[in-house]
Amino acid sequence: MMLSSFTGRQWIDRIARWCVSAVGYSVMLALAMIFIFLLLQVAPLFSKASITPLAKEDTVASSFRLLGSVVDDAENSTRQAQHALKLHRPVDFVLSTADTLFLLERDGRYRWLSHQGTDSRRLLSSGQLDIAEITAATMSPTGQTLLVASVDGRIHPYTLLHQELIAMQPIATSGTQIQQLLVQASTRSVVSLDDSDTIRLFHIASGRELAHYHWDKHPNSLMQLSEDEQYLQLTAGTMRQVVKLHNPHPEASWRQLVRPVHYEGRRSADYVWQSSTVSDNTEAKLSLVPLTIGTLKAAWYAMLFATPLAIFAAAYTAFFAPVSWRYRIKAVMEVLESLPTVILGFLAAFLLAPWLELHLLLFLGSLIIVPVTIMLGSCGWFYWRKKQQYGTDQPSWWLVLLSLLTGVVLTTMLVSNAETYLFHGDFLSWLANRGIDYQQRNSLIIGIAMGIAVIPTIFSLTDEAIYHVPTSLTQGVIALGASRWQALSTLILPVAAPGILAACLLGLGRALGETMILLMATGNTPLLGFDPFQGMRTLTATLAIEAPEASLESAHFRVLVLAALLLMILTFVVNTLVTLLRQRLRHRYLQL
């Protein structure tokens with residue numbers, strides 16, 4: 001009977017282990033499937049473009065303009081422009097949009113005119129391009145980008161900005177002289193046809209070659225784009241060939257995601273996130289650098305605020321405070337940890353941000369004066385206790401409170417006088433005069449609000465790490481004559497260091513994944529730099545704002561999925577480090 005009961009208990013234990021293992025493996029499998037799903041969604045973002053010839057029997061649903069009308073229109077435009085402007089020099093290229101007219105000669109001389117009807121033209125700009133001889137030229141439909149092919153086979157993009165031509169990075173080709181250029185406006189790409197009858201597809205902003213196709217034995221070919229810009233027709237005499245342009249996501253490459261890009265309408269290359277565009281002809285700018293820096297910036301200021309407060313509070317409750325106080329403080333921290341972050345974001349956006357804008361100098365002064373006052377009060381306490389030949393126990397709570405109140409009073413008095421005499425009564429205007437832009441919803445607000453959300457996480461793990469240091473070590477150090485502060489600084493903290501580091505890393509993971517506070521308390525402006533007086537835009541906030549509106553299978557949607565994948569990898573790395581540090585701490589405690 002006992003043997004039968006024992007065998008049944010073994011089966012129950014075995015089934016329980018199987019169930020627990022199955023649940024664990026299911027969680028790991030779910031995470032792996034999520035990771036694979038994100039990878040599958042991101043993979044088409046980097047698929048290569050292609051130029052595929054169509055068979056003669058294939059039909060094209062889009063129409064092409066007649067080649068004769070294209071040539072006739074170009075010649076008529078050239079003659080009309082020369083006659084209307086009374087030009088004495090021949091014009092080789094006439095490029096027009098809805099409101100601009102660009103006249104270009106082969107030696108690089110140009111005239112840029114406003115185009116308001118046939119009789120109303122006004123000269124906006126004129127000059128000389130730094131090109132010896134031009135072989136082909138075209139302009140984007142927006143009228144902001146001029147593309148010029150030089151005799152050495154390179155393509156030179158120029159962007160029109162405030163009646164000025166700004167040279168962009170030249171596009172390197174095979175070196176063969178280019179005959180014709182066409183702009184694929186929907187993808188912000190340019191198609192070139194050179195003397196070797198090779199068609200090449202380039203992305204204008206990044207300058208990279210996307211695809212190429214060679215049409216053999218057909219010299220003096222001409223190109224025509226279909227109305228939907230999906231097909232290209234090659235014509236040489238009576239010969240005709242139609243090719244399909246497959247160019248899915250040219251605006252999203254590794255170079256454009258992580259390196260500065262010179263977009264049209266801008267003076268220089270920069271990191272830009274601007275997913276929404278004014279018109280269909282405007283290119284989306286999808287650099288992940290501003291969002292990544294914004295995420296790291298928010299986490300940095302949150303950890304800068306939360307880490308010292310959480311570690312000092314945990315050291316006090318675990319080593320100095322009575323046991324009853326420790327449990328009460330831990331209960332308060334648990335309540336703070338359960339507080340919805342949307343409430344913290346609301347308070348930060350509508351209470352803390354306006355107050356800090358009015359009392360910025362007071363806040364900055366308190367960061368220096370109040371800690372110094374508390375330290376001076378504590379040093380005075382220890383000195384007085386030593387002179388009276390008392391024990392050097394920790395200062396009482398009333399002394400800390402008195403030092404805190406003294407620091408607040410001193411800060412208020414000193415800051416009010418300093419703002420009046422040093423900054424002419426307005427600290428924000430003084431900053432503005434020196435080129436420092438203060439935004440109401442800035443990194444300081446995020447550091448405080450998100451730091452409050454991160455403090456309970458760091459506090460709880462740090463408290464446990466310090467509290468579970470073996471008591472025999474503490475008693476031995478104190479028995480040798482060390483004070484409790486010396487025991488904490490020289491023994492307890494070094495022993496608990498892996499646990500404290502794990503707590504900080506877990507708090508960092510919490511800060512990296514925060515959304516609601518960042519969504520409500522920042523200006524959501526993708527800016528570079530770690531300026532504490534400016535806002536930011538993070539990966540999580542961008543996902544929350546733009547993911548519901550992104551069209552499926554678009555480059556914008558897939559870049560957002562890539563941002564989610566990046567966040568997942570960061571969180572996985574941080575949690576893995578936390579687990580390794582916890583195991584190291586447990587192994588150290590077992591050795592002690």
Candidate set from the stretch 385-400 (those that are loosely packed, with under 11 Cβ neighbours inside 10 Å and in a loop (DSSP other than H, G, I, E, B)); member that is modelled with the lowest pLDDT: GLY391
Is it true that SER403 is surrounded by 15 or more Cβ atoms within 10 Å (Cβ to Cβ), modelled with pLDDT under 85 and in the same structural domain as ALA310 (by TED's automatic domain parsing)? yes
Scan the stretch 417-445 for residues that are farther than 15 Å from PHE533 by Cα and either touching a residue at least 12 places away in the same chain (Cβ under 8 Å) or surrounded by 13 or more Cβ atoms within 10 Å (Cβ to Cβ) (or both) and report the count. 4
Subset of the stretch 166-178, residues among the aliphatic types (A, V, I, L, M) and at pLDDT below 85, comes to ALA172
Could you please let me know if PHE346 is in a helix (DSSP H, G or I), open to solvent by less than 70 Å² (accessible area, probe 1.4 Å) and out of contact with any strand residue (DSSP E or B) (no Cβ under 7 Å at 6 or more places or on another chain)? no
Can you tell me which residue among LEU560, LEU543, LEU565, LEU570 is at pLDDT 85 or above, assigned to a helix (DSSP H, G or I) and open to solvent by 50 Å² or more (accessible area, probe 1.4 Å)? LEU570
Is it fair to say THR159 is open to solvent by less than 10 Å² (accessible area, probe 1.4 Å) and within 15 Å of GLY265 (Cα to Cα)? yes
Top-ranked residue of the stretch 488-508 - restricted to ones that are open to solvent by 30 Å² or more (accessible area, probe 1.4 Å) and in contact (Cβ under 8 Å) with a residue 60 or more places away in the chain, ranked as nearest to GLY451 (Cα to Cα): LEU508
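Every residue, every condition in (1) within 21 Å of LEU257 (Cβ to Cβ); (2) hydrophobic (A, V, I, L, M, F, W, C); (3) open to solvent by less than 60 Å² (accessible area, probe 1.4 Å), yes or no:
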{"site": "PRO526", "(1), (2), (3)": "yes, no, yes"}
{"site": "MET536", "(1), (2), (3)": "yes, yes, yes"}
{"site": "LEU539", "(1), (2), (3)": "yes, yes, yes"}
{"site": "THR576", "(1), (2), (3)": "no, no, yes"}
{"site": "LEU585", "(1), (2), (3)": "no, yes, yes"}
For ALA132: the one exception among (1) assigned to a loop (DSSP other than H, G, I, E, B); (2) in contact with a helix residue (DSSP H, G or I) (Cβ under 9 Å, 6 or more places away or on another chain): (2)
Options ARG266, ARG255, ARG326; residue that is in contact with a strand residue (DSSP E or B) (Cβ under 9 Å, 6 or more places away or on another chain), surrounded by fewer than 21 Cβ atoms within 10 Å (Cβ to Cβ) and over 30 Å from GLN41 (Cα atoms): ARG266
Of the residues in the stretch 455-503 that are closer than 17 Å to GLN583 by Cβ, in a helix (DSSP H, G or I) and hydrophobic (A, V, I, L, M, F, W, C), the one that is farthest from the chain's Cα centre (by Cα) is VAL495
Can you find a residue that is of a type in the set (Lys, Arg) and assigned to a helix (DSSP H, G or I) anywhere in the stretch 277-293? no
Being within 21 Å of the chain's Cα centre (by Cα) and among the β-branched types (Val, Ile, Thr) is the filter; apply it to the stretch 283-315 and report the residue that is farthest from HIS156 (Cα to Cα). THR295
Spot the failing condition for MET168; the list is (1) on the phi < 0 side of the Ramachandran plot; (2) surrounded by fewer than 20 Cβ atoms within 10 Å (Cβ to Cβ), and only one is missed. (2)
Give just the number: which of (1) free of Cβ contacts under 8 Å to residues at least 24 places away in the same chain; (2) open to solvent by 60 Å² or more (accessible area, probe 1.4 Å); (3) not in a helix (DSSP H, G or I) does LEU580 not satisfy? (3)
Return yes when ARG122 is among the basic types (Lys, Arg), modelled with pLDDT under 80 and over 28 Å from SER221 (Cβ atoms) and no when it is not. yes
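The values are calculated or read from the model by the stated rules, or taken from the named source; none is laboratory data. None of these values were measured; they are calculated from a predicted model. Neighbour counts run over all protein chains shown; Cβ positions are idealised from the backbone, glycine included. All accessible areas refer to the heavy atoms of the entire protein, side chains included, with ligands and DNA or RNA removed. Shrake-Rupley method; radii C 1.70, N 1.55, O 1.52, S 1.80 Å.
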